[in-house]
Every structure is written in structure tokens, then in C-alpha cells.
Amino acid sequence: QVQLVESGGGLVQAGGSLRLSCAASGRIFSMNAMGWYRQAPGKQRELVAAITSGGSTNYADSVKGRFSISRDNAKNTVYLQMNSLKPEDTAVYYCNARGTSASYYQPFDSWGQGTQVTVSS
């Protein structure tokens with residue numbers, strides 16, 4: 001199995017910054033994409049940002065210009081730099097990774113446990 005370990009969540013005032021990290025471990029043959037999703041209470045989970053193995057990125061309109069996703073391929077780690085945080089950014093943030101496992105060369109779609117981000121007004 002491919003495991004994802006997240007860190008960096010917490011409580012911050014509006015206008016502040018946080019940096020989330022997600023490290024993937026396990027028998028990974030190749031990583032196709034990694035990304036961050038979030039889910040606020042009573043709302044549907046949504047894509048925040050994603051990055052492919054080739055470096056292409058996608059962002060939700062609500063975070064463009066404020067959030068930046070990056071990755072360290074050697075460490076199979078993805079980061080989400082969150083600046084100018086707003087109360088509406090408050091949610092549980094989940095890391096996601098998709099690729100091919102070295103175990104029987106099967107595809108994987110793994111999720112982290114989630115980390116709480118709370119932005120106070």
C-alpha cells in the first residue's frame with residue numbers, strides 16, 4: 001500500500017499563511033499526480049490544487065493567486081503553500097496521490113487522514 005502522511009495544519013488568523021506537507025511512502029513504481037482537496041462542514045469535498053509528475057498544475061478559482069502547490073519528486077512529497085488565508089478556507093484538507101505501485105504494478109489512489117485548517121476572522 002501507499003501511505004500518505006500530512007502535516008502543517010493548524011489555527012491561523014485571516015491574512016496569515018500555512019504550509020501543508022504530504023509525504024508518500026511505500027512501493028511506488030511511478031507517481032502520476034498529487035493534489036490537495038478540502039471539505040468544510042456540511043459541504044462537498046473539492047479539489048484545491050493538483051500537480052502532475054511533469055509539473056503541470058491546476059487550482060480552484062477560489063485559491064488562485066493565494067495558494068501554490070509544489071513537489072519534491074525525489075521525496076515523493078507535495079506541498080501546499082497557503083497565503084492570504086480567509087475564513088472561508090477553513091476546512092479539513094486531504095492529500096491525494098495517484099500512480100502505479102511496484103507491488104504487482106497495480107494502480108493506486110491513496111488519501112491522507114486529513115489535517116484541519118482553521119482561519120479565524
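Yes/no matrix, rows are residues, columns are (1) at pLDDT 95 or above; (2) closer than 14 Å to residue 67 by Cβ; (3) surrounded by 18 or more Cβ atoms within 10 Å (Cβ to Cβ):
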position: 3; (1), (2), (3): yes, no, no
position: 8; (1), (2), (3): yes, yes, no
position: 35; (1), (2), (3): yes, yes, yes
position: 40; (1), (2), (3): yes, no, no
Here the qualifying pairs (Cβ atoms under 7 Å; residues six or more apart or on different chains; first in segment 15-35 and free of Cβ contacts under 8 Å to residues at least 24 places away in the same chain; second assigned to a strand (DSSP E or B)) come out as none
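Could you tell me which of the residues 99, 114 is open to solvent by less than 40 Å² (accessible area, probe 1.4 Å), of a type outside the set (Ser, Thr, Tyr), closer than 19 Å to residue 3 by Cβ and in contact with a Ser or Thr (Cβ under 6 Å, 6 or more places away or on another chain)? First the steps, then the outcome.
Values: 114 fails: in contact with a Ser or Thr (Cβ under 6 Å, 6 or more places away or on another chain).
Of the residues listed, the single one that is open to solvent by less than 40 Å² (accessible area, probe 1.4 Å), of a type outside the set (Ser, Thr, Tyr), closer than 19 Å to residue 3 by Cβ and in contact with a Ser or Thr (Cβ under 6 Å, 6 or more places away or on another chain) is 99.
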Tell me which residues, restricted to segment 63-77, are surrounded by 13 or more Cβ atoms within 10 Å (Cβ to Cβ) and within 21 Å of residue 12 (Cα to Cα). 63, 66, 67, 68, 69
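The values are calculated or read from the model by the stated rules, or taken from the named source; none is laboratory data. All of these numbers come straight from a predicted model, not from anything done at the bench. Because the Cβ atoms are built from the backbone with ideal geometry, glycine has one as well, and the counts that use them run over all protein chains shown. Heavy atoms of the whole protein, side chains included, go into the accessibility calculation; ligands, DNA and RNA do not. Shrake-Rupley method; radii C 1.70, N 1.55, O 1.52, S 1.80 Å.
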